[in-house]
Amino acid sequence: MCLATSSVLAESGCARQNDAASEDRNVASGQNFGGSGAGSLNSAEDFWNIDTELAAVTSSAQRITYTSTSGINDSDYKVTGAVFVPKGEPPAGGWPLVAFGHPATGVLRECAPSSSPTLLGQAATVTELVKAGYAVVVPDYLGLGSSSPPRHPFLDPTTEAYNLIDSMSAVRKLVPDTSDTWFAFGIGQGGQAAWAADELVENHGMGLKLAGAVSVAPIADIEGLADTAAAGELTADQKLLLVSYLAGLKNTYGNDINLDDYRAGAATQKWDALLACDVKSTAELVRLANQISADDLQPKSHDALERLRGYLHKITLPQGPTSAPMLVIFGGQDPAIPREWTDRALERACGMGDMIQIQFQPDGGGPEVDLSDPLRWMSDRRNGAPANNDCAALTTSTRPPRGGG
């Protein structure tokens with residue numbers, strides 16, 4: 001199955017509602033979960049109206065609130081998400097876990113996948129992971145889905161990583177029959193989250209074992225976005241990415257960010273529509289982006305350009321070596337992330353000694369993945385097979401191998 005998502009915003013939409021998700025013996029009953037601080041579980045409730053195909057393979061679906069750490073100020077906040085447990089008997093040692101980093105859905109509170117029966121377009125991917133025998137947690141990311149501060153710091157990799165890692169500790173309080181082995185799996189923004197989680201898990205691991213990270217079409221190195229905007233050469237997908245990133249900066253830094261240093265004309269007029277995440281198709285968002293001229297998203301001064309470069313540099317991956325093997329899948333025709341940007345990130349990561357298996361798809365158009373390869377790769381890690389490392393070929397040729405093996 002080929003599961004395609006927008007390269008910037010996951011397609012939203014409502015699905016048929018159902019009440020197939022029910023309390024199961026694998027899920028702890030009651031609300032007194034105890035504990036405090038990062039990784040603690042605050043509440044859980046039945047996610048009764050999930051997508052029918054996901055419900056068909058799930059013994060229990062729960063919306064949760066848990067505590068996680070902000071990468072901006074190191075404080076703990078409540079984060080929302082959703083948990084899905086497979087049907088049937090758990091394997092010896094319990095269900096292996098997946099923290100699924102979803103692609104970008106927006107920066108507003110209502111852009112939380114757990115608020116949507118289809119997880120804002122990601123139900124099919126989660127269904128395949130559950131069918132493969134994984135208990136899956138879909139964190140919304142800090143600021144999405146929660147009515148309390150802070151707002152979503154879009155593309156802050158440390159925050160996203162902590163949200164994934166902390167969700168693994170939280171879910172084990174809800175689902176006792178789970179393993180201490182887990183995988184980070186992410187697409188787009190979630191690919192950034194999975195990669196960053198692999199970098200940070202050694203110091204923020206919650207006592208669990210990360211067996212590997214799968215990063216699909218990761219937003220890893222987008223420093224070039226500033227100069228592309230200044231040159232008036234943004235694609236429609238890059239316009240959407242930049243709009244969301246600027247809005248995220250405003251969420252995080254408030255009055256220190258003057259949006260009018262980076263927007264004008266149609267970009268200002270259509271700003272709210274470009275950020276909306278309510279039942280809006282990818283095609284509609286791209287249509288809106290195409291109505292914005294190149295001049296409408298150009299930094300207005302050299303100082304504004306330098307500030308944007310600085311902010312983008314702060315979120316660029318890698319930021320340190322990883323702890324577990326990683327599978328990176330990306331395409332050569334991604335309309336938002338040029339191949340060269342991801343190449344740079346991979347070259348630096350390999351230079352840090354990371355173990356990375358690379359699948360470069362020359363004709364790939366963005367965050368699209370046939371889950372058969374990632375699932376096989378994850379199964380191999382669970383069974384103790386040694387991971388392939390394509391870094392030697394990358395560092396000698398400065399280009400990732402075609403196909404990755």
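Between the listed residues ALA82, LEU208, PHE330, the Cα displaced farthest toward the positive end of the dipole of the chain, a dipole computed from Cβ unit charges relative to the Cα centre, is found at LEU208. Other residues with beta-carbon under 10 Å from the beta-carbon of ALA266 carry, at +1 per Lys or Arg and -1 per Asp or Glu, a net charge of 0. Taking 0.36 nm per residue of separation and subtracting the current Cα-Cα distance, fully stretching the chain between LYS78 and ASP261 would add 62.7 nm. Treating cross-link reach as a plain straight distance, find the lysines whose alpha-carbon is under 22 Å from the alpha-carbon of LYS270, omitting any fewer than eight places away in the same chain. The qualifying lysines are LYS239, LYS250, LYS280, LYS300.
Note on segment 249-323 and segment 171-242: Cα centroid distance 19 Å, given to the nearest whole angstrom. Between the listed residues GLY310, LEU275, GLY265, the Cα displaced farthest toward the positive end of the dipole of segment 224-314, a dipole computed from Cβ unit charges relative to the Cα centre, is found at LEU275. With a simple spin-label model that places each label point 7 Å from the Cα along the Cα-to-Cβ direction, the separation between ASP180 and GLU340 comes to 4.7 nm.
Helix 236-253 and the longest principal axis of the Cα set of the chain meet at an angle near 80°. Other residues lying with their Cβ under 11 Å from the Cβ of LEU208 contribute a combined charge of 0, Lys and Arg counting +1, Asp and Glu -1.
When mean projected area of the Cα convex hull in nm² is computed from the coordinates, the matching label among (1) 27.8; (2) 18.0; (3) 29.0 is (2).
When a/c reaches 1.5 or more, the comparison of a/b and b/c decides; with that in mind, is segment 240-293 rounded, prolate or oblate per its Cα gyration tensor? Judged from the Cα gyration tensor, segment 240-293 comes out oblate (a/c at least 1.5, b/c at or above a/b).
Bridges between two residues of the chain, per DSSP, are antiparallel at a rate of about 45%. Counting beta carbons within 10 Å around each of MET326, MET206, MET378, MET168 and listing the fewest first gives the order MET206, MET378, MET326, MET168.
Bear in mind these aren't lab numbers, they're just calculated from the coordinates by the rules spelled out. As the structure is a computational prediction, the values presented were derived from the model and not from experiment. Virtual Cβ from ideal backbone geometry, glycine too; neighbours counted across all protein chains shown.
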